[in-house]
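The values are calculated or read from the model by the stated rules, or taken from the named source; none is laboratory data. Not measured: the values here are computed from a predicted model. Methodologically, a virtual Cβ is constructed for each residue, glycine included, from the backbone with ideal geometry; neighbour enumeration extends over all protein chains shown. With ligands, DNA and RNA removed, areas are computed over all heavy atoms of the protein, side chains included. Shrake-Rupley method; radii C 1.70, N 1.55, O 1.52, S 1.80 Å.
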Amino acid sequence: CSSDLNVEIGVLDACKDFGIAFVAFSPLARGFLTSVDLDPPNFAENDIRRGMPRFQEPHFSENLTWLPEYRAIAEQAGCTPAQLSLAWVLSHGEHMHAIPGTTSIAHLEENVAAADVQLSDDTLRKLDALINQNTVSGPRYPASTQAEIDTEEF
């Protein structure tokens, strides 16, 4: 679900083949794939997203262009945008697990309910076409951080 899904190069298949769990962190894209309209200039001073390129211009505005379609897909699927993101991650197999952050009990309950969301093959195709390495603008992390964690470069 991001422009740097190097894990898809082989790690996901290996986890599936060997029966190893894969834990996806930040499956809600740091709040971007939820119902909340984010306003990066007004993030708290200590908000980690302040230093993340996807929450800076021009990337943030570029990513906002496909967000309405994403939210429409959630509505068509009968779930919230957050539930759609989590269900999308979980749809990749029983070996997939997600760690969504939350700020409230209501969000926790919303996130847990994502396990009951069933996505059609058509919905999965729409999501894969909408959000992928070619459509998400900006790297996940600043270059200095990315250099420390990037293990696969193809």
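In region 120-140, what residues are surrounded by 19 or more Cβ atoms within 10 Å (Cβ to Cβ) and out of contact with any His (no Cβ under 9 Å at 6 or more places or on another chain)?
Thr123, Leu127, Ile131, Arg140
Only residues in region 92-111 that are of a type in the set (A, V, I, L, M, F, W, C) count as the first member; pair them with residues that are open to solvent by 40 Å² or more (accessible area, probe 1.4 Å) and assigned to a helix (DSSP H, G or I), Cβ under 9 angstrom, at least 6 apart or cross-chain, and list the lot.
Pairs found: Met96/Lys16; Met96/Leu90; Ala98/Leu90.
Out of curiosity, is Leu33 part of a loop (DSSP other than H, G, I, E, B) and either of a type in the set (Ser, Thr, Tyr) or within 12 Å of the chain's Cα centre (by Cα) (or both)?
Criteria met by Leu33.
One line per residue, one yes/no per condition, for (1) more than 20 Å from Val11 (Cβ to Cβ); (2) more than 15 Å from the chain's Cα centre (by Cα):
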| residue | (1), (2) |
| --- | --- |
| His92 | no, no |
| Ala98 | no, no |
| Ala106 | yes, yes |
| Ala115 | yes, yes |
| Ser120 | yes, yes |
| Leu130 | yes, no |
| Thr135 | yes, no |
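Mind listing just one residue for me: the one in region 1-60 that is hydroxyl-bearing (Ser, Thr, Tyr) and either in contact with a Cys (Cβ under 6 Å, 6 or more places away or on another chain) or at pLDDT below 90 (or both) and, of those, least open to solvent (accessible area, probe 1.4 Å)?
Ser2
Please verify whether Ala113 is open to solvent by 30 Å² or more (accessible area, probe 1.4 Å), more than 29 Å from Gln146 (Cα to Cα), assigned to a helix (DSSP H, G or I) and in contact with a helix residue (DSSP H, G or I) (Cβ under 7 Å, 6 or more places away or on another chain), treating the condition exactly as stated.
Yes: the conditions hold for Ala113.
Select from region 126-146 the residues that are within 16 Å of Glu57 (Cα to Cα) and touching a Pro at 6+ places or on another chain (Cβ under 9 Å) and list them in ascending order.
Ser137, Gly138, Pro139, Arg140, Tyr141, Pro142, Ala143
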